[in-house]
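The values are calculated or read from the model by the stated rules, or taken from the named source; none is laboratory data. Just so we're clear, the structure is a prediction, and the values are computed from it rather than from any experiment. Every residue, glycine among them, receives a Cβ derived from its backbone with ideal geometry; neighbour counts consider all protein chains shown. In case anyone asks, the SASA skips ligands and DNA or RNA and just uses the protein heavy atoms, side chains included. Shrake-Rupley method; radii C 1.70, N 1.55, O 1.52, S 1.80 Å.
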Amino acid sequence: DEEFDELCFEFGLELDEITSEKDIISKEKGKEKAKGASDVVLYKIDVPANRYDLLCLEGLVRGLQVFKERINLPRYEKIIPAEGEGQRLIITEQTAQIRPHAVAAVLRNITFTKDRYDSFIDLQEKLHQNICRRRALVAIGTHDLDTISGPFTFTAKAPSEIKFKPLNQSKEYTASQIMDLYRTDSHLRHYLHLIENKPRYPVIYDSNGVVLSMPPIINGDHTKISLNTRNVFIECTGTDITKAKIVLDIIVTMFSEYCEKPFTVEAAEVVYPNGKTHIYPELPYRTEKVKPEYINKKIGISETPSSLAKLLTRMCLKSHVTGNGNHIEIEIPPTRADIIHACDIVEDAAIAYGYNNIQMVIPKTYTIANQLPLNKLAELLRLDLAAAGFTEALTFALCSQEDIADKLGMDISATNAVRIANPKTAEFQVARTTLLPGLLKTIAANRKMPLPLKLFEISDIVVKDPNTDVGARNYRHLCAIYYNKSPGFEIIHGLLDRVMQLLEVPPNEENGYTIKAAEGTAFFPGRCAEVFAKGQSIGKLGVVHPDVITKFELTMPCSALEINIEPFV
């Protein structure tokens, strides 16, 4: 176990834990439930999200074997069948509106065992979750080719016109009934929304009208794969052609090792609505050139070009030195879609060299870090506000629309708030434009505490600003609140004077601060003042309006102060 842990680390992976089904169940549900579960040792391995080729045992073992230099990287080949003998997938124009792309391939004379079969299904599931974005971008269908006959047609039809027996079901359903059937299915219900409200559903037929699948929901039962399956037809449909090609390449490269001629894939022809045809899988090999000194400089090592080429070859990137040692030529196999830029190649060289073997050196540039002045000021103010008897609160930067608008008696459009496009909960709909609601909610959650409650917070608020590159701007606010049987306006006023004293701002109009009577929707009429300093309005203080207090489910009066501290930096 320790050796394997070490090997994973060297290869850039992490052996998360060594466990068994029994352990997992007993941890989650208790020992009683775990009785009879398997004791077989399981390795949980963390694979980086960009390495789709390590998501199944086949790919992982192959990668580690090449890394240990026990085998050479296999060469993946596509076999193009004789004219008229290969499989064809015809795309009709009806699919354009919903899932326009499809790619296909065939694995010939493959031998499945229970473990290989499980791994094959599991890889599809992992790809669905990862690169396919929960089947939104690509959906994979694998079929027993001997149960169907081509050419195949990928089209889209009205739900009522599609009728077939879905995988592992006992009778036929129409597409609309299938949607209802899987609405309660813990696994499939998450994918229904992808096509649910579309007028037509995508579907793939063979030449006799047998339904292969209704992507991205379910395959037909007729074509299901078993351990006796010898020929597998693989189709990937989707909204993103690049991802569909990558997914197809990964599946065929991983499992072609079990074919009669290992690492060979039979190509299939895809016919587009405009009559053009394309052969898949593409299985693209491409070469990149990188200068050895570029790799050495980026990692901070000094290896010879030939040893760098050897390091890269161990990482499944077959490399050799060309041009008197000036360049390393790297062949990128179809399994490595994650190699986009030279820096990806450098990263693999660093992994093979071993991060722990890179010598630590003092950086050439000598720099001393400094605290951001705004943060320094905020830290100093925090200490002194605490010394003044106020307790610091830290509240969420996101809140609901009601918190910053309705509850404070304002209109949401007037707040200039930044909205979250797809909020998970009603509590997190907008970025806060004021710190006051957060503190009021904190008091509401601590009503059992002895009075008076004195809280403060110094944090950022966010407002829309069309003049910035991101369309929004942050301001560092200070907010303090006093909650007791009497409003305590004088305590909050005293706190403002103390803050100004600390900031060395005198109480006068010329170059100091003043307060003037004002109106604020959140404050009691006649009990609200605006604070002016450095020739601008920096905030308000006052007694909080009884309506606001009730809306935040409080019962006592309170007074509050909120100012922007950025002008004092």
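Of the peptides 215-225, 296-306, the order by per-residue mean of other Cβ atoms within 10 Å, starting with the highest, comes out as 215-225, 296-306. For the listed residue pairs Lys297/Lys364; Lys407/Lys540; Lys464/Lys551, the alpha carbons are over 20 angstrom apart in Lys464/Lys551.
Surface exposure of the chain, expressed per residue as accessible area with a 1.4 Å probe, stands at 52 Å².
In terms of packing, defined here as the mean over residues of other Cβ atoms within 10 angstrom, the peptides 234-240, 441-447 line up highest first as 234-240, 441-447. Any chance you could give the angle, 0 to 90 degrees and rounded to 10, that helix 305-314 forms with the longest Cα principal axis of the chain? Helix 305-314 and the main axis of the chain meet at about 80 degrees. With a simple spin-label model that places each label point 7 Å from the Cα along the Cα-to-Cβ direction, the separation between Thr111 and Ala49 comes to 3.9 nm. For the chain, the longest principal axis of the C-alpha atoms and the axis of helix 373-387 are separated by about 60°. For the stretch 18-67 versus the stretch 159-213, the inter-centroid distance based on Cα atoms is 32 Å. Grab the beta carbon distance between Glu402 and Ile18, set R0 = 51 Å, and tell me the FRET efficiency rounded to 0.05. After rounding to 0.05, the efficiency reads 0.55. Neighbours of Pro557, meaning other residues whose beta-carbon lies under 15 angstrom from its beta-carbon, give a summed charge of +2 when Lys and Arg score +1 and Asp and Glu score -1.
Percent relative contact order of the stretch 286-357, based on C-alpha pairs within less than 8 angstrom and at least six residues apart? Provide the component values of the computation, followed by the final result.
Numbers: 90 pairs, mean separation 25.7, N = 72.
Normalised by residue count, the contact order of the stretch 286-357 is 36 percent.
For the peptides 90-97, 169-176, 311-318, 137-144, residues were scored by their other Cβ atoms within 10 Å and the scores averaged per peptide; the highest-first order is 137-144, 311-318, 90-97, 169-176.
Which distance in Å, rounded to a whole number, links the C-alpha centroids of the stretch 105-130 and the stretch 279-316? Here the two parts' Cα centres lie 30 Å apart. The angle between the Cα long axis of helix 114-129 and the main principal axis of the chain comes to about 40°, on a 0 to 90 degree scale.
At 1.4 Å probe size, with the rest of the protein present, what percent of the exposed accessible area of the chain is carbon and sulfur atoms? Carbon and sulfur: 51 percent of the exposed surface of the chain. Between Lys68 and Arg183, the distance separating the two model label sites (each 7 Å from Cα on the Cα→Cβ line) works out to 5.3 nm. Geometric descriptor of the stretch 373-568, per residue, is 124 Å³ (volume of the convex hull of the Cα atoms). Does the chain come out rounded, prolate or oblate, given a ≥ b ≥ c as the square roots of the eigenvalues of its C-alpha gyration tensor, rounded meaning a/c under 1.5 and, failing that, prolate meaning a/b above b/c? Taking the square roots of the gyration eigenvalues as a ≥ b ≥ c, the chain is prolate. Computed from the C-beta positions of Gln371 and Lys464, the FRET efficiency with R₀ = 30 Å rounds to 0.55.
Classified by the C-alpha gyration tensor, the stretch 286-357 has an oblate form. Its axis ratio a/c, with a ≥ b ≥ c, is 1.5 or above, and a/b does not exceed b/c. Taking every alpha-carbon pair under 8 Å whose residues sit at least 6 apart, the stretch 373-568 reaches a relative contact order of 20 percent.
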